[in-house]
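See below for the structure under consideration.
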Amino acid sequence: MGAVADAIHRSAEAAGADVRTDSRVTRVLLRNGRAYGVALEGGDELHAPIVVTAIHPKLTFLQHIDRKDLPDDFVADIERWKSRSGVVKINLALSELPDFLADPGTELQDHHTGSLMMALSNEYMQQAFQEARAGMAAARPFCEGCIPTTLDPTLCPEGFHTMSLFTQWVPHEWSAQPHTEDLEAYADRMIDAYTELAPNFKSSILHRQVIGPYEMEQEYGLIGGNIFHGELSAEQLFHMRPSPIAGLYQASSATHGGGGVCGIPGHHAAREILKDRKRGRLKRLGRTQA
Ligand SMILES: Cc1cc2nc3c(=O)[nH]c(=O)nc-3n(C[C@H](O)[C@H](O)[C@H](O)COP(=O)(O)OP(=O)(O)OC[C@H]3O[C@@H](n4cnc5c(N)ncnc54)[C@H](O)[C@@H]3O)c2cc1C
């Protein structure tokens, strides 16, 4: 995933873009109902005739814009936007590859390069879900794991590996508070489950990072810890895509085609921007704001 972001970064710079990172936006700047830029943490302002937002819609429309500048029904829709999650991400640094009982060996083999699922049956996954629904972290979590360094060894020093565990579920209410101890115990159970299948697994772990719903919201701006900027439930798909502010376009995972790393929301936003430019709307907008 990092390589995708790096490639987009390089392409943008090759096309003449100036890319800034570590620059948190705090406000979308509006004049006469039109966006003309953003304000950054620290007070700098960037002015532009086109503003594209690709963050959670609750941040864009409830934190970066005054409610009085938006239609009431739109604000109500965004307030009701469901964004719960019971996902916990566990990142591991490994001294060696897992030595699976079913396919022994710590030298790199094909099975190390694929998805290392902990989903022993449908009942296993259902049980993990029902426990979280009842307000407890899963006793035996379900997991999609992978070892990115088997495909890209540049991600860590030679001879070592990183492993990424996308695990489910803990109660979605955990986004309100850190739950550090409970999360560590949950991570222990997850690691024990893999160790049953690969006995060297636990002892190969040099370091671990456990990211629960609270950390996802606080550190990554994923409200409720939801990785897709909102739940992919039927009533939240297809609609609520446009932004009601002229000059402001949405390209986040919460727009049509998202979630997931698919590029479709960005493609749609670019298409609308080009259409508006063709119609001359942005040119007029640029002059108004100059
Ligand atoms: C643990 C995890 C596992 C996932 N697994 C998969 C998978 O296997 N397959 C898949 O297709 N998708 C997966 N996803 C979902 C996928 O990553 C997202 O759908 C996708 O990244 C959304 O892209 P985006 O550009 O809309 O938003 P994001 O990737 O969320 O990017 C938003 C960016 O905006 C930044 N930001 C937030 N607030 C501000 C602010 N105020 N000012 C400036 N910048 C800000 C954030 O730091 C971030 O860089 C996963 C997500 C997570 C978290």
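The values are calculated or read from the model by the stated rules, or taken from the named source; none is laboratory data. Since we're looking at a predicted model, the values are computed, not measured. We place every Cβ from the backbone using ideal geometry, glycine too, and count neighbours over all the protein chains shown. Areas reflect the complete protein model, heavy atoms only, side chains present, ligands, DNA and RNA absent. Shrake-Rupley method; radii C 1.70, N 1.55, O 1.52, S 1.80 Å.
Here are the numbers for the structure shown:
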| item | result |
| --- | --- |
| Hits among lysines - C-alpha to C-alpha of residue 58 under 24 Å, sequence gap 8 or more where chains match | 68, 82, 89 |
| Positive dipole terminus of the chain, leading residue within 195, 257, 36 (C-beta point charges) | 36 |
| Estimated dipole of the range 66-106 in Debye, rounded to 20 [Cβ of Lys and Arg +1, of Asp and Glu -1, Cα centre] | 160 debye |
| Accessible solvent surface per residue of the chain, calculated while the other protein chains remain in place, 1.4 angstrom probe, Å² | 55 Å² |
| Most positive-pole-ward Cα, 268, 119, 151, against dipole of the chain from beta carbon charges | 268 |
| Estimated dipole of the range 91-182 in Debye, rounded to 20 [Cβ of Lys and Arg +1, of Asp and Glu -1, Cα centre] | 320 debye |
| Percent carbon-and-sulfur accessible area, the chain, ignoring ligands, DNA and RNA, probe 1.4 Å | 54 percent |
| Under the Debye formula (equal points on every Cα, no solvent term), log10 I(q)/I(0) of the range 87-223 at q = 0.09 Å⁻¹ | -0.27 |
| Protection proxy ranking of 186-198, 100-112, 52-64, 16-28 - average other beta-carbon atoms within 10 Å, highest first | 52-64, 186-198, 100-112, 16-28 |
| Burial ranking of peptide ranges 213-225, 114-126 (average Cβ count within 10 Å, highest at the top) | 213-225, 114-126 |
| Highest-fluctuation residue, 228, 166, 74 considered, GNM on the chain with Cα pairs under 10 Å | 74 |
| Cβ charges +1 (Lys, Arg) and -1 (Asp, Glu), total dipole of the chain, debye | 2140 debye |
